[in-house]
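J.: Handing you this structure, nothing more for now.
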Amino acid sequence: MTAPASATGVTLTDAAAAKAKALLDQEGRNDLSLRIAVQPGGCAGLRYQLYFDDRSLDGDKVDEVGGVKFVVDKMSVPYLTGATIDFSDTIEAQGFTIDNPNAGGSCACGDSFN
C-alpha cells in the first residue's frame with residue numbers, strides 16, 4: 001500500500017498509479033498529470049472527475065506516485081482529503097475507484113456523492 005500523500009491529501013495506490021502510467025505510456029505523453037476533481041452535479045450533489053490534464057491551475061496541490069504526477073485543485077482538496085484512488089481489474093469490476101471518507105452518501109451508480 002502506498003503511503004498517504006502529503007500535498008493533495010489523496011492516496012493513489014500502486015495499482016492505480018501503474019494503470020495511469022500504462023495509459024500515459026500508451027499515449028506517448030509525459031506532459032500530463034492525472035487530475036482528480038470534485039464538481040457540482042450528479043444525482044447526489046457532487047461528482048468525481050478523473051482525467052489526464054496538461055494544465056496547471058493556480059493553487060493546484062501536486063503529488064507523484066510510481067512516476068505518475070497527480071493534481072487536485074484547491075477547491076476540491078477539502079472534499080478529497082483522506083480519499084484513496086485504486087484500480088480494480090476483475091471479472092466483477094474494472095476501472096478506477098474512489099474510497100472517500102468525506103462522502104456522507106452516494107448514489108447507486110457510485111459516480112456522485114454528498
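The values are calculated or read from the model by the stated rules, or taken from the named source; none is laboratory data. A quick note: this is a predicted structure, and the numbers were derived from the prediction, not measured. A quick note on method: Cβ atoms are made from the backbone with ideal geometry, for glycine too, and the neighbour counts reach across all protein chains shown. With ligands, DNA and RNA removed, areas are computed over all heavy atoms of the protein, side chains included. Shrake-Rupley method; radii C 1.70, N 1.55, O 1.52, S 1.80 Å.
J.: Among the numbered conditions (1) buried (at least 19 other Cβ atoms within 10 Å of the Cβ); (2) part of a loop (DSSP other than H, G, I, E, B), tell me where Arg35 comes up short.
T.: Every condition holds for Arg35 apart from (2).
J.: Same structure again: Starting from residues that are polar (S, T, N, Q) and more than 14 Å from the chain's Cα centre (by Cα), keep the ones in region 20-58 and report whichever is farthest from Ser76 (Cα to Cα).
T.: First pass over region 20-58, keeping only residues polar (S, T, N, Q): 26, 30, 33, 39, 49, 56.
Subset that is more than 14 Å from the chain's Cα centre (by Cα): 26, 30, 56.
On the way: Gln26: 28, Asn30: 24, Ser56: 15 Å.
Only one residue tops the list, namely Gln26.
J.: Continuing with this model, one more query. Kindly provide the set of residues from region 63-89 that are open to solvent by 70 Å² or more (accessible area, probe 1.4 Å) and over 12 Å from Gly9 (Cβ atoms), ordered by number.
T.: Within region 63-89, Glu64, Lys69, Met75, Asp89 meet the criteria.
J.: Considering Thr2, Thr13, which residue is at pLDDT below 90, open to solvent by less than 50 Å² (accessible area, probe 1.4 Å) and more than 11 Å from Phe70 (Cβ to Cβ)?
T.: The conditions single out Thr2.
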